[in-house]
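Notes follow once the structure below has been shown.
The values are calculated or read from the model by the stated rules, or taken from the named source; none is laboratory data. Only a predicted model underlies this, so the values are computations on that prediction, with no experimental measurement involved. Backbone-built Cβ (ideal geometry, glycine too); neighbour counts: all protein chains shown.
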């Protein structure tokens, strides 16, 4: 009984820390996005709140928390409140199966724990795909419940876009699953240990480079980011599905979007770029004799890979103009889908002919 | 009892996931409720009307929308189920060998037939 209570307490502590880190990362990202965009356009970005504007996210958060939450006349009150919570929860719970660091075991009060892995379920990828799909409900329900034409059109567009590109995400990762022989993110990451050419983006017998490109593009489209931010195209749809949202409910949609960005970056890092593995075998710290601190290096590598993708999101936003909606759908269904499907075929045949 | 041990292991793996879902849900609800108590509330008919670029909103917002969205939703359901069928095959690829590979080639060929049919029928066009 005591063991069960300890395990529960440990899970609770882990989840609290992970949620805290995600929230902190989102705060950093909102500022980083504005700063990076600013610098890329030869501006300073936010500079007013705190030194160099670093307290801007705190000010934004407090403002939204104390703001009036307007429910427009004619809106469906229940669905209007449910939609942002649905979007937020769907975006956050994917992190339950992401391995943030090595699967080392520590012993505390006589019980074995894995500090960097909340849960290693053997259907990790399927779990993430299933629950991120629920996020699409949040968007379309929010758009419909608002009783606004812009919101409805934004919600519809978003739902059609998300499901179209989700198909490509699902197809793109099949190659990796095939080579790893598992749906567990921990096992997939472990299979990529060693030199960086063991990472599935470069791995023999068939590098998943195409799948990686398809995955990254589809991930950008799935999170409704530029250049695929049609659902919230300011010039056509005001703010898309959250036109009528204000206060904390608006903040939830915002947090959900950034949490989704972090989640797809984590999956990309774990599936294609070796997750917590360094580009060289083992860790430098372990080789220098600090075996008990080797996890620091692993966690830093994982964070570095995730931040690389997050920077890519900002970079794309500063560089590319928005696509037209018919171009977006055609690109998803007629270009990405055949590439992803072809990748599966070639990977399967190559893996059969040259098994590792 | 190997069965109960297996069940305990299973629960031990899924319990943190359930806990995570519960905490995320609680975070959302509690934040909304707290915010409800500290925010000002001055409802006005002008403020509550939906946004329509400054003009008076006219007609119902739940208007008919293009049937194209339905076609894409149906295509998604069909193809996504086929993709889900690929997962168990991919995971056990090295265990089932040549027979599995050939069976999956037939399956993907059927997938491609459906895909080409949808393409030729113009279901993938958006105009």
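List of remarks:
- Check on residue A:92, buried (at least 20 other Cβ atoms within 10 Å of the Cβ), modelled with pLDDT of 85 or more and more than 9 Å from chain B (Cβ to nearest Cβ): no
- Selection of segment B:1-37 for residues being at pLDDT 85 or above and either exposed (fewer than 10 other Cβ atoms within 10 Å of the Cβ) or touching a strand residue (DSSP E or B) at 6+ places or on another chain (Cβ under 6 Å) (or both) yields only B:37.
- Residue match in segment A:66-85 (condition: in contact (Cβ under 8 Å) with a residue 12 or more places away in the chain and under 24 Å from residue A:12 (Cβ atoms)): yes
- Considered as a group, the residues in segment A:50-81 that are part of a loop (DSSP other than H, G, I, E, B), under 28 Å from the mean Cα position of the chain (by Cα) and more than 12 Å from every other protein chain (Cβ to nearest Cβ) include one that is farthest from residue A:251 (Cα to Cα), and that residue is A:54.
- So residue B:37, is it in contact with a helix residue (DSSP H, G or I) (Cβ under 6 Å, 6 or more places away or on another chain) and assigned to a helix (DSSP H, G or I): no
- Lone qualifier among B:79, B:94, B:65, B:85 - being touching a residue at least 12 places away in the same chain (Cβ under 8 Å) and facing another protein chain (nearest Cβ under 10 Å): B:79
- Count of segment B:117-127 residues which are in a helix (DSSP H, G or I) and either surrounded by 13 or more Cβ atoms within 10 Å (Cβ to Cβ) or at the interface with another protein chain (Cβ under 10 Å from one of its Cβ atoms) (or both): 2
- For first residues located in segment A:1-27 and more than 23 Å from residue A:259 (Cβ to Cβ), partners that are outside any loop (DSSP other than H, G, I, E, B) and lie 6+ apart or on another chain with Cβ distances below 6 Å form the pairs A:3/A:111; A:6/A:111; A:10/A:113.
- For residue A:328, the conditions (1) under 21 Å from the mean Cα position of the chain (by Cα); (2) more than 30 Å from residue A:116 (Cα to Cα); (3) at pLDDT 90 or above are fulfilled apart from (3).
- Flag for residue A:103 being surrounded by 14 or more Cβ atoms within 10 Å (Cβ to Cβ) and either away from every other protein chain (no Cβ under 14 Å) or part of a loop (DSSP other than H, G, I, E, B) (or both): yes
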